[in-house]
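Have a look at this one before I ask anything.
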Amino acid sequence: GLLLLAVALGATAATRCPAPCVCDNLRAHVLCLNGSLTAIPDTIPELTRKLDLRGNSFMVIPAGAFLATPYLTHLDLQRCKVERLEEGAFRGLGRLVYLNLASNGIALLYQESLDGLFSLQQLILEGNRIEEIQPGAFGHLRSLTVLDLRANALVYLPDMVFQGLQVLRWLRLSHNALHVLGSEAFAALPALRRLSLDHNELQALPGEALARLDGATRLDLGHNPITYVAEEALAMASLSHLFLDHASLQDVAPDAFARSPQLRILDLRENQLQGLPPLAGAGGLVRVSLDGNPLLCSCLLRPFHKWMTRARVHAEGACTAPPALRGRSLNSLKSPEMRCSRLWPPPSPTAPPEQPSSASSRQCPRGCFCSPDFHHGSCENRDLREIPRDFPEDTRLLDLRRNPFRTVPPDAFPGLKELVSLHLQRCSIRVLHPGALRGLASLVYLYLTDNHLSTLVAAAFEGAPQLAYLDLDHNAFTHVPAGTFRLLPNLISLHLQHNAIGELVEGDLAGARGLRWLYLAGNAIRHIAPAALAPTKMLEKLQLEGNLLSEVPTAALRGLPTLSELKLSRNPIKHMGDSVFLPVASSLQHLYLDNMGLEWISPHAFTGLGPKIRSLYLESNKMSNIPDMSNFTGLEILNLHDVPFHCDCQLLPLSRWINKLNLCVGATCGSPPEVQGLKVKLSTTFQTCPGRGQSEAAETSPNKTKAAIKPNKKKRLAKSPARGFSKSRA
């Protein structure tokens, strides 16, 4: 009876399957992959358990978007161009255990963004542009065990930011720009076992914040510019694996790990260590990895060597000097061989002075709310005409959104030396006066979105030298305010999206030497001068989608050796000539050329590009062929939807190449008429092409198939373990 009921329900559901989707009613799966959906379909079968919406264009997930599918357990929204999660976007999904929002454009997480997901176990937010997380954003996720925030734009973690995650076991924060951690940032994570903080900007080991993690067993801190590990710097009672590889370590104090008694594995590879002292107190160590360090095997290394021999610690590493011992492994040395033929004066590092804590007994301004636990002040939407004063001196986040201030006067925020994040969105601001931010010595984030600013002067930022994130989206700028950034040496991210900027000229970005991410989408840019981007030699992301460029700004891309992402989507570029991306070919990984009306691409347009390219977006264009991309061996994403390919013998190499990819590319024939709408890989027009039989016989011979296709498939599947919808269909 239950089986018949299920079949009946499935039959009912089948009639409601949205047109661009595929519904598997027996397994309760719905796939709407790489399409042109701009809103969540409202006809998805109610009993759907797994919903895969990858590769669409939603921009915003509105409140209650999934109320019609309350039985969902898995939801995949990767690469959907999502920029905002409205409060209550996922309400009604009380059964959801897996949510993937990777590779979108989400910048902020508010307190109610993830409301209702009380059964969620895995949340993937990798590859967005999240700059800030407000305390309480994860407060409803009481079942979450894995939180992935890799490859975002985080600089600062406030106290109690992960409050509510009582069963979280793995927190992934790799590949951000973190350099400030609140002392209580990890205080609410009693079940955490693994913390990944590698590939950030931490200059010192954040011992105070890490001391709250009594149960953590693995800590990844590699690829941070940490130069010294001080005395008793790490007090983690359960820590067994510590990774400090590829940092800038020059010295480690003898008792640095004395308060981490369970430490077994210590990875110090690829640092600047000439030696180590005996690591007193680390009696449980089994292995120390020192490969890639300039080890000086003189008499000064004898104490460490004797200690490791006595403690039976396996040390990996080889001598760099003296010449007689160069290349010898540490384990093969004998004490008499380590002579003092030359001096090795160890550095005398001093731990950075502790910053005095700033507490304040001042009251909160009338009509506002101040949280002493979060160091958070808020006067949002109180119809205030002037910026209030007298906030507690230890305030770190100040939310003044939606008040009609109109101007920000000089010295508007007195006494707030610890303020890190300032929100002034939708405040009708027309003028930011010189000295407006004076005294905000710790300010990292400044949000001025949705105001009426048309110009800025550099003096407005006087006294805020730590500012790293400046958001000026949705204002009235007609040009980049030249010279504004010369007082901002730490500026990392600049948002000037959805203004009215018409061109970029030389000098616009003067002073922005450390800029990594530049967002200029939705302007009216027609021209970029060859030297306009010259000051930004560290630029990694350049987003120019939705402008009026008629050609790729090749000359302006010269001198950007680290550019990894370039977005040119929705520009009226009709033709693409030779070698247009050659200046950034050695670093480019993600290239967006979709929705441009492209009619022709030169066979040599992609000269220089190759294995480094991980994603290429060419959907919704008008060309009938594309250049040879057989050397794009690192591709993880290729989108060729809505391109009218002419499926004749000239397209045969592309067809063969697509057949070898284990990717869903969406390529369909636009002509000739007899195959219009068919997938390129299924087109019958290639059957009569000269040499097709011999080539395909060679390609499908057992040996060559194993060599050419099988490793490719293995590589694709290995990149996304346990991610729900990990295997795609070409």
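The values are calculated or read from the model by the stated rules, or taken from the named source; none is laboratory data. None of the values given here were measured: they were computed from a predicted structure. Note: ideal-geometry Cβ built from the backbone for every residue, glycine included; neighbour counts use all protein chains shown. Keep in mind that these areas ignore ligands, DNA and RNA; they rest on the heavy atoms of the full protein, side chains included. Shrake-Rupley method; radii C 1.70, N 1.55, O 1.52, S 1.80 Å.
If you count only protein heavy atoms and use a 1.4 Å probe, how large is the accessible surface of residue 633, to the nearest 10 Å²?
Here the accessible area works out near 80 Å².
Starting from the eigenvalues of the Cα gyration tensor, five times each then square-rooted, give me the equivalent ellipsoid semi-axes of the range 41-100, largest first, whole Å.
Details: eigenvalues 57, 33, 23 Å².
With the √(5λ) rule applied to the range 41-100, the semi-axes are 17, 13, 11 Å.
Then there is this: Once you list every other residue whose beta carbon is under 9 Å from the beta carbon of residue 318, what net charge do they have if Lys and Arg are +1 and Asp and Glu are -1?
0
Turning to a different aspect of this structure: Have a look at the range 571-660 and give its Rg and Dmax from the Cα atoms, expressed in angstrom.
Cα-based Rg and Dmax for the range 571-660 come out at 12.3, 34 Å.
Right, here's the next one. Expressed as a rounded percentage, what relative contact order does the chain have, with Cα pairs under 8 Å and six or more residues apart? Walk me through the numbers on the way to the answer.
Details: 1998 pairs, mean separation 28.5, N = 730.
The value is 4 percent.
Read phi for every residue in the range 405-413 and hand back ³J(HN,Hα) as whole Hz from Karplus 6.51 cos²θ - 1.76 cosθ + 1.60, θ = phi - 60°, with x for Gly and Pro.
With the stated coefficients, the range 405-413 comes to 6, 6, 9, 10, x, x, 6, 6, 10 Hz.
Turning to a different aspect of this structure: How far, in nm, would the chain grow between residue 684 and residue 110 when pulled straight, counting 0.36 nm per residue and subtracting the alpha carbon separation?
Values: separation 574, 0.36 × 574 = 206.64 nm, distance 5.19 nm.
Result for the pair: 201.4 nm of gain on full extension.
Sticking with this one: Computed FRET efficiency, Cβ-Cβ of residue 385 and residue 42, R0 56 Å: what is it to the nearest 0.05?
Efficiency computed from Cβ-Cβ geometry: 0.85.
So for the range 501-540, averaging the separation of alpha carbon pairs under 8 Å that are six or more residues apart and normalising by length, what relative contact order in percent results?
Computed over the range 501-540, the figure is 59 percent.
Using a simple spin-label model with points 7 Å from Cα along the Cα→Cβ vector, what separation in nm is obtained for residue 660 and residue 328?
Result for the modelled spin labels: 5.0 nm.
Right, something else. Once the dipole of the range 574-685 is set up with Lys and Arg at +1 and Asp and Glu at -1 on Cβ about the Cα centre, which of 617, 588, 684 lies farthest towards its positive end?
Of 617, 588, 684, it is 588.
Loop only by DSSP, 10 or fewer other Cβ within 10 Å of the Cβ. Give me the GluC sites (Glu not before Pro) in the range 384-491 that pass, ordered by residue number. Don't skip to the answer; put the middle values down first.
Values: sites: 386, 393, 418, 462; in loops: 386, 393, 418, 462.
Sparse-neighbourhood loop GluC sites (Glu not before Pro): none present.
Treat every Asp and Glu Cβ in the range 207-334 as -1 and every Lys and Arg Cβ as +1, leave all other atoms uncharged, and give the resulting dipole magnitude about the Cα centre to the nearest 20 debye.
660
If you bin the C-alpha pair distances of the range 207-334 every 5 Å from 0, what whole percents do you get?
The calculated distribution, bin by bin, is 2, 11, 21, 26, 20, 11, 5, 2, 1, 0.
How large is the charge dipole for the range 18-153, taken about the Cα centre, if only the Cβ atoms of Lys, Arg (+1) and Asp, Glu (-1) carry charge, to the nearest 20 debye?
Approximately 320 debye in magnitude.
Which order do 607, 554 take by accessible area at a 1.4 Å probe, largest first? Walk me through the numbers before you get to the answer.
Values: 607 55, 554 25 Å².
So the residues, ranked largest to smallest area, are 607, 554.
Below 10 angstrom from the Cβ of residue 145, what's the summed charge of the other residues (Lys, Arg +1; Asp, Glu -1)?
Its environment carries a net charge of +2.
Report ³J(HN,Hα) in whole Hz for each residue of the range 662-673, in order, from the Karplus equation J = 6.51 cos²θ - 1.76 cosθ + 1.60 where θ = phi - 60°; Gly and Pro get x.
9, 10, 8, 9, x, 6, 10, 7, x, 7, x, x
Taking Cα centroids, how far is the range 642-661 from the range 47-86 in Å?
Taking the Cα centre of the range 47-86 as reference, the centre of the range 642-661 is 31 Å away.
Hey, another quick one. What do you reckon, how do 641, 474 stack up by accessible area (1.4 Å probe), largest on top? Let's see the in-between values first.
Details: 641 45, 474 80 Å².
Per-residue accessible area, sorted high to low, gives 474, 641.
Beyond 14 Å, what share of the Cα-Cα pairs of the range 112-184 is found? Please give it as a whole percent.
Values: 1555 of 2628 pairs.
Pairs farther apart than 14 Å: 59 percent.
Still on this structure, I have one more. Helix-only mean residue ellipticity at 222 nm, the chain, DSSP H runs n ≥ 4 weighted -39,500 (n - 2.57), per residue, nearest 500. What is it?
Dividing the helical sum by the residues of the chain leaves -2500 deg cm²/dmol.
So, one more: Amide H of residue 641 versus every other amide H placed in the peptide plane: which residues, excluding those fewer than 5 positions away on the same chain, fall under 5 Å?
The list, which skips near neighbours in sequence, is 619, 620.
What does the charge count near residue 560 come to, summing +1 for each Lys or Arg and -1 for each Asp or Glu among other residues with Cβ under 12 Å from its Cβ? Walk me through the intermediate numbers first.
Values: positive: 516, 537, 541, 558; negative: 540, 565.
Taking every other residue near residue 560 into account, the sum is +2.
Okay, moving on. Run the dipole for the chain about the Cα centre, Lys and Arg Cβ at +1, Asp and Glu Cβ at -1, nothing else charged, and hand back the magnitude in debye, nearest 20.
Its charge dipole is roughly 2260 debye.
While we're on this one: Which ³J(HN,Hα) values in Hz, rounded to whole numbers, follow from the phi angles of the range 628-636 under the Karplus curve 6.51 cos²θ - 1.76 cosθ + 1.60, where θ = phi - 60° and Gly and Pro get x?
Computed from phi, the couplings for the range 628-636 are 4, 10, 5, 8, 7, 7, x, 4, 10 Hz.
A further question follows. Tell me the accessible surface of residue 259 in square angstrom (1.4 angstrom probe, heavy atoms of protein chains only), to the nearest ten.
130
On the full set of protein chains, 1.4 Å probe, figure out the accessible area of residue 119 and give it in Å² to the nearest 10.
Roll a 1.4 Å probe over it and residue 119 shows about 30 Å².
Now a separate question. I need the fraction of alpha carbon pairs in the range 36-191 separated by more than 24 Å, rounded to a whole percent.
Pairs farther apart than 24 Å: 27 percent.
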